[in-house]
1. With a cap of 13 neighbouring Cβ atoms within 10 Å, and only residues DSSP puts in a loop, list the trypsin sites (Lys or Arg not before Pro) found in region 116-202.
2. For residue 103, which sequence-distant residues (separation of 5 or more, or a different chain) have an amide H within less than 5 Å of its own amide H, given hydrogens modelled in the peptide plane?
3. Starting from the Cα of residue 203, step 7 Å toward the Cβ, then list every residue of region 152-192 with an amide N under 17 Å from that point.
4. Could you tally the net charge around residue 161, taking each other residue with its Cβ under 9 Å from the Cβ of residue 161, Lys/Arg +1 and Asp/Glu -1?
5. If Lys and Arg each add +1 and Asp and Glu each add -1, what is the summed charge of the other residues whose beta carbon sits under 12 Å from the beta carbon of residue 212?
6. Roughly how many Å² is the accessible area per residue of region 90-146, as a whole number, for a 1.4 Å probe?
7. Would you calculate the separation in nanometres between label points at residue 82 and residue 139, each defined as 7 Å from the Cα along the Cα-to-beta-carbon direction?
8. Along its three principal axes, how long is region 80-200 when you only count alpha carbons? Whole Å, largest extent first please.
Amino acid sequence: MANPLSFVESFSGDESHARMVEFKGSNGADNVSHSAVSSGRKVNSVAPARAKRNFRLAIAGILFCALGALLMVWAIAANGNTRDVVSATRNIQRGEVISGSDLASTSVGAAAGVPVVEKTEAQSLVGKIARTDIPSGSLLAPQSVGDAEVDSGSAMIGLKLATGRLPAKDLPAGARVTLVEVADGGPGQEFAANVVSQSGVLDGQTKLVDVTVSSENASVVAALAAADRLALVRQADAA
């Protein structure tokens, strides 16, 4: 009767290496299981694959961290380049007097070559004249606002007129008007003038209008205005 098979397990190095199984038969011949050897080869191939995968994950993590740091630096730099500038809260027509309520501040990115008015200079614009039409929400440029300009031979006079003594519709800058003296016996003298600017209704009853008249009529018009004896009539614009 043949002796039962006996086997001996041998380890090469520590347990992480391939395991060899040796079978001894009755004839004393040593037979090495090919399946055991092949399974040992599979075990040996696992460690290098895991090492490669871990290395790739480590590189990817480093790249993501570097990208996040760059984005953070960019965001900080972008916020550091913003500045507060002045914008319009309503549509401002050319020739209108600018008031504090017409102005607001907004933050914008710094752009080389773009003229703007800094927030700290907003108060200096109050009382100035709009030299161009300024749309609501747009940024004010230094050249779009300035002092009222009076041509040689003309004088600018401010009128305070009650409602009913001028058109209800706002007068645009440059409009041609006639100032009529309100006399007890009927219309008195008439003076040609041009509108410089007009403010809104004051106390619900009066409006402020700046006009230019000829220098020779300036003193008479100013006296009639002080006595509240003027009415304003708009004329057709020149063709």
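The values are calculated or read from the model by the stated rules, or taken from the named source; none is laboratory data. This structure is a prediction, so every number in the text was calculated from the model and none was measured. Cβ sites come from the backbone with ideal geometry, for glycine too, and all protein chains shown count toward neighbours. Side chains are part of the model used for accessible areas, which takes the heavy atoms of the whole protein and leaves out ligands, DNA and RNA. Shrake-Rupley method; radii C 1.70, N 1.55, O 1.52, S 1.80 Å.
1. Values: sites: 119, 128, 131, 160, 165, 169, 176; in loops: 128, 131, 165, 169.
The qualifying sites are 169.
2. Correct list: 89.
3. Correct set: 159-165.
4. Working: positive: 160, 165, 207; negative: 228.
So the environment of residue 161 carries a net charge of +2.
5. Numbers: positive: 176; negative: 149, 151, 210.
Around residue 212, the surrounding residues sum to -2.
6. On the way: 3180 Å² over 57 residues.
Normalised by residue count, the accessible surface of region 90-146 is 56 Å².
7. 1.4
8. 70, 31, 19
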